[in-house]
Amino acid sequence: MSINLARIPSVDLLRGFVAVGRRMSITLAAGDLFLTQSAVSRQIHSLEMALGIKLFERSHRSIRFTAEGERLYLAADSAMQLLQDALGALEDNLRRRPVTITASIGFVGLWLLPRLGAFQAQHPEIEVRLSANNQIVDVRKDGLDIAIRYGQESGMPAGAKRLFGETIFPVAHPSLGLTCLDSPTLIEQSTLLEFEGDPSAWWQWDSWLESQGWAGAKPKGILRFNLYDQLIHATIAGQGIALGRGQLISPMLADGRLVALPTPRPGPKSNKVYSIIQRDPAPSRQVQMLIDWIQAEARVTDSAPE
């Protein structure tokens, strides 16, 4: 005959009983449960009181089951092991849950993806899911682990950690034959590629031309883009001169796909940065490993010469 579920003693009491039964020692069981010896003794006493039976015979230096205690132990130990196995499987599934990260389309395509292969080679057991999105999303509401935000550092939410800033300067494909941008004549002979995804002055060719004293210069043509990675791909294709983010295009400058074009005077300076935000103050080991890796890569980016 079985009893009503409501009459089963507390799992805490049964866990203490099983721990003592497995060790046949209250002291060793207390160590296994990270409890004091007296706390485990109270659990055993409470269980005996709840059941109205004696579970152990105690002597000065040892304990042993009563007949009733041994019968209960065989059932409780088996049930507790099944529970341990089930919870262990659930934890394994949780550990294999993808680490989700959201960032702008340009950041994902130009900075994160070219580097992510190195992280996956180091940590093949960690699955990463990318959400490229130019809209600001709520990481907690949308169930995302990490977000990369772009904007003024003073406007970043609490807990955001700076990754790196941005340095803007003209760039072009080597096929255009340009090594610098030092006269309005070059502007008049060229097509300018303009990024319309950010109204800031440092992204506007008019502001750049004015900073050089070339406000009246008219380019041969203008191509406008609302996505930064598309603008860079068009620049690599030799379609014109663009204003490049040095921190995102540094690999392309290093391998010669793009060349920087110095100007006689400094152009408008950006006051925006990339920052990392984590959903949980104490994230899982896998999330923390990805955060640590991103921050390490960002330190390299931030320290690279412009």
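See the values below:
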quantity	calculated
Of residues in the range 215-243 being polar (S, T, N, Q) and touching a Gly at 6+ places or on another chain (Cβ under 8 Å), the one surrounded by the fewest Cβ atoms within 10 Å (Cβ to Cβ)	Asn226
Of all residues making up the range 138-183, the number that are part of a loop (DSSP other than H, G, I, E, B) and loosely packed, with under 13 Cβ neighbours inside 10 Å	9
Subset of the range 23-69 that is farther than 16 Å from Pro9 by Cα and of a type in the set (Lys, Arg) - its residue that is surrounded by the most Cβ atoms within 10 Å (Cβ to Cβ)	Arg23
Members of the range 1-54 that are in a loop (DSSP other than H, G, I, E, B), closer than 18 Å to Ala75 by Cβ and touching a Ser or Thr at 6+ places or on another chain (Cβ under 9 Å)	Pro9, Ser10, Met24, Ile53, Lys54
The listed residue being touching a residue at least 12 places away in the same chain (Cβ under 8 Å) and closer than 23 Å to Asn133 by Cα, out of Gly238, Gly246	Gly246
All positions within the range 55-95 that are among the charged types (D, E, K, R) and either part of a helix (DSSP H, G or I) or in the same structural domain as Gln288 (by TED's automatic domain parsing) (or both)	Glu68, Glu70, Arg71, Asp77, Asp85, Glu91, Asp92, Arg95
Any hit, the range 269-276, residues being in contact with a His (Cβ under 7 Å, 6 or more places away or on another chain), of a type in the set (Gly, Ala, Ser) and not in a helix (DSSP H, G or I)	no
Residue within the range 251-265 that is over 25 Å from the mean Cα position of the chain (by Cα), surrounded by fewer than 13 Cβ atoms within 10 Å (Cβ to Cβ) and farther than 21 Å from His173 by Cβ present	yes
Selection from the range 96-110 of residues that are within 21 Å of Pro283 (Cβ to Cβ) and not in a loop (DSSP other than H, G, I, E, B)	Val99, Thr100, Ile101, Thr102, Ala103, Phe107, Val108
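The values are calculated or read from the model by the stated rules, or taken from the named source; none is laboratory data. Everything numeric in this text was worked out from a predicted model, so none of it was measured. Counting neighbours? That spans all protein chains shown, and the Cβs are built from the backbone with ideal geometry, glycine included.
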